[in-house]
Amino acid sequence: MALQCRLSGTTIQSLKMATTIPISSSSSRLIFRPLPKTLNLALFSRHTLPKAPPFTLLVRALSGAAVVAAPATEIIDNKVLKPQWKAAIDFKWIRDNKEAVAINIKNRNSNAHLELVLELYDKMLNLQKEVERLRSERNTVANKMKGKLEPSERQKFIEEGKNLKEELATLEEDLINLRDELQFEAQCIPNMTHPDVPVGGEDNSKLRNMVGNRREFDFPVKDHLQIGKELDLFDFDAAAEVSGSKFYYLKNEAVMLELALVNWTLTEVMKRGFTPLTTPEIVRSSVVEKCGFQPRGENTQVYSIEDSDQCLIGTAEIPVGGIHMDSILAESSLPLKYVAFSHCFRTEAGAAGTATRGLYRVHQFSKVEMFILCRPEDSDNYHEELIKIEEDLFSSLGLHYKTIDMATGDLGAPAYRKFDVEAWMPGLERYGEISSASNCTDYQSRRLGIRYRPSELPTTNSKKGKASSAPTKFVHTLNATACAVPRMLVCLLENFQQEDGSVIIPNPLRPFMGGIERISAKSK
Amino acid sequence: MATTIPISSSSSRLIFRPLPKTLNLALFSRHTPPKAPPFTLLVRALSGAAVSAAVAAAPATEIIDNKVLKPQWKAAIDFKWIRDNKEAVAINIKNRNLNANLDLVLELYDKMLNLQKEVERLRSERNTVANKMKGKLEPSERQKLIEAGKNLKEELATLEEDLINLRDEVQLEAQCIPNMTHPDVPVGGEDNSKLRNMVGNRREFDFPVKDHVQIGKELDLFDFDAAAEVSGSKFYYLKNEAVMLEMALVNWTLTEVMKRGFTPLTTPEIVRSSVVEKCGFQPRGENTQYVAFSHCFRTEAGAAGTATRGLYRVHQFSKVEMFVLCRPEDSDNYHEELIKIEDLFSSLGVHYKTIDMATGDLGAPAYRKFDVEAWMPGLERYGEISSASNCTDYQSRRLGIRYRPSELPTTNSKKGKASSAATKFVHTLNATACAVPRMLVCLLENFQQEDGSVIIPNPLRPFVGGIERISAKSK
């Protein structure tokens, strides 16, 4: 299984320098589906919602996390758009911290409308009060009618009750619409940001770690495509006929290498206490959205299935995030650590140029993904744990790489903090992203509805078996790429190529390939 | 009783895209295409080998100007052979319970031949006229020839367009004619299928037998409920040892089949819906064998009832598929070799029977089909775990895969001179080496122990890090 992990999409840089091509899920690229011509689309700007449909400006960046600029909605009777699902947003917190929220929105180049959200929130609170007041009046009237009354008095109450009922119906409908509108706007607000994250664009990202050195070659370096051709490892041409561009067959030792990478990675991560999973690769589009991706945007990364509400996953993060949707977990069950193997599918719309050569950017690939659900106070630590696992894996394969703390402009909406690992690819003469680790704190869990109930402190008074009555809290979720097979294949082939055209297989993978040490040219 | 549920990639199950309501869909019958759109009855059987594209029992067509439907691609059908063997073809169609319209095909073919002759005659006349005009002529004579030429040109244009339409119509009808059938294949329906081989015995249990769903629940191996929320029914997560078992099955199967000389592949899982004519040539007529691993996706539309329980019928699964391209004279032998894959099932200790499928159960492409059905004690039935088909030249005529037979080396032939033998169509065969969910059902149900644990068959143990048993997890 070769995996091509196309995780990000930012503007393609010149190849002259060893520029990095971020593949992380950042919002720096807007991806849209074909949209009605009435819409005006611009990079980084958010289209102001008209009150009439159609409206579908959606920002999507795909990777471990993605950017939501506008939620999926239903259109009802040409009125305010109705969100298909509700995120449990903490409006009070937003209002109490609005300066920080505003700065965060600005740092992330997001166009969420904070002022509008606060305005709608206030309106909603007032309307709520009014509705409650009317309800209370109606109850009073109803109670009064229970007693003995003169016919004229009764008639007055009946009138009053009728008026209140009508007024209430109108206000209640307004309240529903207001809540929908509020939800709609608020879903666009990105996650807060870890205080240590550098502010700015790609150039402001901070180097956390660098391991190894660029290998010095004393013979001409080939890229993975040429190596693959000479060793009969891939077929891109046949795949282009059968499926289209950016598809491929893996052949011979490349198949074994893919399986070895997946098996070895799964085994290593399982040793660290993660529960292995395979997942559905077709999911409901609402689950995709709740994880912070946008299936309906133009240039969307997501393949959708005709005449259905289903999509192909771009990462196992989505189906794993969905496992505990709408659930309340016991605190004692946390943390939940999963390592999931799946095939991933990405349209790669909007990605063009030489950065799409060979296995570097493909529509289908195998990936092993780590996913953690934990208590809020533990997520920073687990983020460190995840990046350490990744670095250990890549180090033991002998790769030269750097780990980067991504700047605010490159974070996807769900990510509180994101570390990317970029490995040196001598044939492509650049560092290429092979992995990304994000802490999404409660952004996804508020949308997926994943809570936990904190355990009560044991006291001598508590009854045995009495359920904890502490209020529930939202878990934090994290995700990290353990192995994106195609990018790993690029790394291994290009870094371990030999002058005679063969490729050395790193030690850890050999047991998983029946012990072979080298891929050599086949004798004809 | 032990009814079989075929899962072979045969046309014995029609899988439909959502279709316009004007269509009448029925299992095993082919809807006669109306001459007006919409028309989209597609039979699609998907397999791991994206080397062979989807097989159509009724062709995909484009609709042009509300006229005769145009096939999106052309099969290289041997009309002459069909005409010369029409009784055999008719009997074959009948045996397979299909409604291909053979008489219409032959009629259209004749019409086409005649029209072709007419067109050639007119072309010849037009050339004659054109030649006459090259010489010195009287103005009146020249004028007559110009008139004649003009008339011929118009008449020709009309006839040529008619010819194109006729060719399309012939193609459309002819694509529905199923492959011929191996003489040893029993005629009839499911009950006429013939037992080829039976290996092992049904295990006798001295404790209550559980089905794989219950075993999986107790050992925390699957999650169907979460998958139903996230994706829909008939989806699932595998967990814990089930993940390792899937990986082991795939790895072990690939390794075993590679030992037998098959080239391993992984393939795209998204393919074009229109069959692209892949003008392929096999180098010097060498036979090619592939073993391909992929995830497979099936809508399972129309499948309902208890036969859909648990892992038995799902929308997505992993599969290792074998695919052979060979010379026509070799395909029967390769079919025998492919079915020897039963050895894999034997070495896992599975009790199964191999069946020579009767004509009524063959998909249109299959000349002959062997199914392997394994005993599943929890489901109390034999269930299909593998299918091996010889498609002879049915697929290759549609995919356009030919080979050039090598010339025999002689002392006279020039060095490097290209073979001038005419190209022929290869034969293609496919067989399931491992369909993971069905294998999981087999292994879990057959190797369950009284204490609720499941023994892992020896061959798989090296691929699961040596573990011998799946036991309940302590909480």
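The values are calculated or read from the model by the stated rules, or taken from the named source; none is laboratory data. In this text the structure is predicted, and so the values were computed from the model without any measurement. Backbone-built Cβ (ideal geometry, glycine too); neighbour counts: all protein chains shown.
Remarks
- Residue list for segment A:301-327, restricted to those being under 16 Å from B:I270 (Cα atoms) and of a type outside the set (S, T, Y): A:Q301, A:V302, A:I305, A:E306, A:Q310, A:C311, A:L312, A:I313, A:G314
- Sole residue being part of a helix (DSSP H, G or I) and either under 30 Å from A:D326 (Cβ atoms) or among the basic types (K, R) (or both), chosen from A:D392, A:D380: A:D380
- Scan of segment A:510-524 for residues that are within 21 Å of A:E268 (Cα to Cα) and more than 13 Å from chain B (Cβ to nearest Cβ), ordered by number: A:R510, A:E517
- Among residues of segment A:395-405, those that are surrounded by fewer than 23 Cβ atoms within 10 Å (Cβ to Cβ), more than 23 Å from the chain's Cα centre (by Cα) and not in a loop (DSSP other than H, G, I, E, B), counted: 2
- Lone qualifier among B:K234, B:K210, B:K194 - being at positive phi and touching a residue at least 40 places away in the same chain (Cβ under 8 Å): B:K234
- Evaluated against (1) more than 24 Å from the chain's Cα centre (by Cα); (2) on the phi < 0 side of the Ramachandran plot, A:G244 falls short on exactly one condition, (2).
- Residue satisfying condition, being in contact with a His (Cβ under 6 Å, 6 or more places away or on another chain) and of a type outside the set (A, V, I, L, M, F, W, C), within set A:H324, A:H343: A:H343
- Tallying residues that are crowded, with 24+ Cβ neighbours inside 10 Å, small (G, A, S) and within 13 Å of another protein chain (Cβ to nearest Cβ) within segment A:282-303 yields 0.
- In segment B:304-354, of all residues being among the basic types (K, R) and not in a strand (DSSP E or B), the one that is nearest to the other protein chains (Cβ to nearest Cβ) corresponds to B:R313.
- Checked against the criterion of being under 17 Å from B:A364 (Cα atoms) and aliphatic (A, V, I, L, M), segment B:109-118 has no qualifying residue.
- Helices (runs of 4 or more DSSP H) completely within segment A:196-281 that count 2 or more residues being within 11 Å of chain B (Cβ to nearest Cβ) and either buried (at least 18 other Cβ atoms within 10 Å of the Cβ) or not aromatic (F, W, Y) (or both): A:237-242, A:253-271
- Failed condition for A:N507, given (1) at pLDDT below 95; (2) under 28 Å from A:L233 (Cα atoms); (3) more than 14 Å from chain B (Cβ to nearest Cβ): (1)
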